[in-house]
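The values are calculated or read from the model by the stated rules, or taken from the named source; none is laboratory data. All values reported here derive from a predicted model rather than from experimental measurement. In this analysis, Cβ positions are derived from the backbone assuming ideal geometry, glycine residues included, and neighbour counts consider all displayed protein chains. Calculation scope for accessible area: heavy atoms of the full protein, side chains included, ligands and nucleic acids excluded. Shrake-Rupley method; radii C 1.70, N 1.55, O 1.52, S 1.80 Å.
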Amino acid sequence: MDSHSVIARMAALFAISCISALFFLSGCGQVIALIPTSTPGPEPGATFSPPAGPTAAVTATPAPYTPPPTPTHTATPEPTVYLVVPGDTLSRIAIQYGVSVEALQEENNILDPRTLQPGQQLVIPFGNATDGVQAQARPTPTPIPFAHQRVHFSFTPLGGLWVLGEVENTNTFTLEQIRVGVKLLDANQETLAMEYGAALLNLVEPGEVAPFAILFEKAPKEFASYQIYPLSGVPAYEGGYYKDLVVEDLAFNGELFTSYQVTGSVRNVGQDEAIEVQVVLTAYDSLDRVIAARTISPVHKAIAADGTTTFTAILVPLGGQIERVHADAQGRRYPAAN
């Protein structure tokens with residue numbers, strides 16, 4: 001065999017060896033397929049929604065609240081009311097109840113006994129004896145309890161303090177003559193200052209509310225807690241009040257945090273004329289606290305049956321932006337002739 005044949009034979013053997021090696025490796029190895037993945041996009045961020053308007057400034061309210069002690073009610077004689085019938089005289093009524101005619105006249109503001117009319121209501125005075133014995137003083141009644149809510153505190157630039165809020169009639173009868181007391185207490189529950197004021201509505205129906213606004217002309221710079229408690233409140237005699245008044249078309253607008261103009265109308269939906277008509281306005285902030293309250297007179301203080309009058313007033317909030325305004329109308333009837 002010549003040299004060329006040897007070289008050709010060796011080349012063929014080398015080629016066969018390479019093919020066998022490749023076949024062996026392909027049978028023992030793993031084929032790895034790379035699965036393409038999508039490029040991750042940025043995660044959605046928090047969507048910012050701008051507020052509808054400026055956020056009301058929040059003023060600190062002293063806390064915690066110390067509830068006042070529950071008043072212990074004493075049995076207080078309710079005044080007796082007598083309905084005059086035809087043929088009655090003051091002297092006969094006085095004898096019937098064992099009181100003096102003079103006491104009856106004074107209690108009921110009667111100047112001339114001859115003006116007594118059937119259907120007239122007389123309050124019988126307590127303990128006014130006719131035998132010359134000194135009359136027993138009428139006991140001071142225990143205030144009827146009621147709740148309070150939506151309280152707001154606002155210091156004045158001159159060192160005073162406004163306390164605003166609402167009283168809620170939690171009784172089953174209408175209240176009148178509601179007066180509220182406020183105490184500012186230190187950390188030891190000692191009284192630093194106290195003030196009182198009246199609810200702005202004459203009558204408060206069961207479940208209804210009335211605003212109050214009490215000013216401490218000189219208030220302590222700091223206090224740990226406070227108490228709000230009833231000073232007075234009696235079952236209402238509703239005969240002299242006119243309740244058929246409705247507020248309509250109530251609207252308000254103005255500069256944020258400064259002053260607001262409130263407008264509306266009052267309609268008499270009753271059958272009689274209303275006199276001494278007033279409108280009580282209450283403004284609330286975003287936390288539903290009372291931040292303004294006042295009593296105003298409409299354009300006309302007397303409204304005929306089915307009549308209407310209008311009103312315009314300025315409310316200055318004591319801290320924060322006014323979110324809503326509520327209005328109540330109140331009035332009186334013509335007094336019945338004696």
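Accessible-area rank, largest first, for 152, 300: 300, 152, with all protein chains present and a 1.4 angstrom probe. When the square roots of the Cα gyration tensor eigenvalues are ordered a ≥ b ≥ c, the ratio a/c for the stretch 216-277 is 1.5 or more and a/b does not exceed b/c, which makes its shape oblate. Shape class for the stretch 190-303: oblate, because the ratio a/c of the largest to smallest gyration tensor axis (alpha-carbon atoms, square roots of eigenvalues) is 1.5 or more and b/c is at least a/b.
The residues of the stretch 277-338 expose, per residue, 45 Å² of accessible area to a 1.4 Å probe.
Protection proxy ranking of 167-173, 196-202, 110-116, by the mean of other Cβ atoms within 10 Å over each peptide's residues and highest first, is 196-202, 167-173, 110-116.
The stretch between residue 149 and residue 259, if pulled fully straight at 0.36 nm per residue, gains 37.2 nm over its current Cα-Cα span.
A cut-off of 5 Å between modelled amide H atoms, ignoring neighbours fewer than 5 places along the same chain, links residue 307 with 268.
Simple spin-label estimate for residue 234 and residue 316 gives 3.6 nm between the two label positions (7 Å along the Cα-to-Cβ direction from each Cα). Taking a spot 7 Å from the Cα of residue 286 along the direction of its beta carbon, which residues of the stretch 311-331 have an amide N less than 12 Å from it? Only 320-323 fall inside the zone, counting backbone N under 12 Å. Bridgeable lysines around residue 183 (alpha carbons under 30 Å apart, same-chain partners fewer than 8 residues away excluded): 218, 221. Among the protein heavy atoms, those of residue 267 account for about 70 Å² of accessible surface (1.4 Å probe, every chain in place).
For residue 208, the residues 5 or more places off, or on other chains, whose built amide H falls under 5 Å of its own are 169. For the stretch 231-338, which whole-number percentage of the solvent-accessible area (1.4 Å probe, protein heavy atoms only) is attributable to carbon and sulfur atoms? Roughly 49 percent of what the probe reaches on the stretch 231-338 is carbon or sulfur. Residues whose amide H comes within less than 5 Å of that of residue 180, counting only those at least five positions distant or on another chain, are 197, 198, 199, 231 (H built at 1.01 Å from N in the peptide plane).
Net charge of the neighbourhood of residue 268, taken over other residues with C-beta under 9 Å away and scored Lys/Arg +1, Asp/Glu -1, is -3. Rounded if a/c is under 1.5, else prolate if a/b is larger than b/c, else oblate: which is the stretch 292-338, with a ≥ b ≥ c the root eigenvalues of its Cα gyration tensor? Prolate, since a/c reaches 1.5 and a/b exceeds b/c. Over all other residues within a Cβ to Cβ distance under 11 Å of residue 164, the charged ones net out to +1, with Lys and Arg as +1 and Asp and Glu as -1.
If you take all other residues with their beta carbon under 15 Å from the beta carbon of residue 230, and give Lys and Arg +1 and Asp and Glu -1, the sum is -2.
Restricting the GluC sites (Glu not before Pro) of the stretch 214-300 to loop positions (DSSP other than H, G, I, E, B) with no more than 14 neighbouring Cβ atoms within 10 Å leaves 217, 222, 255.
Computed with a 1.4 Å probe over protein heavy atoms only, the accessible area of residue 91 comes to about 60 Å².
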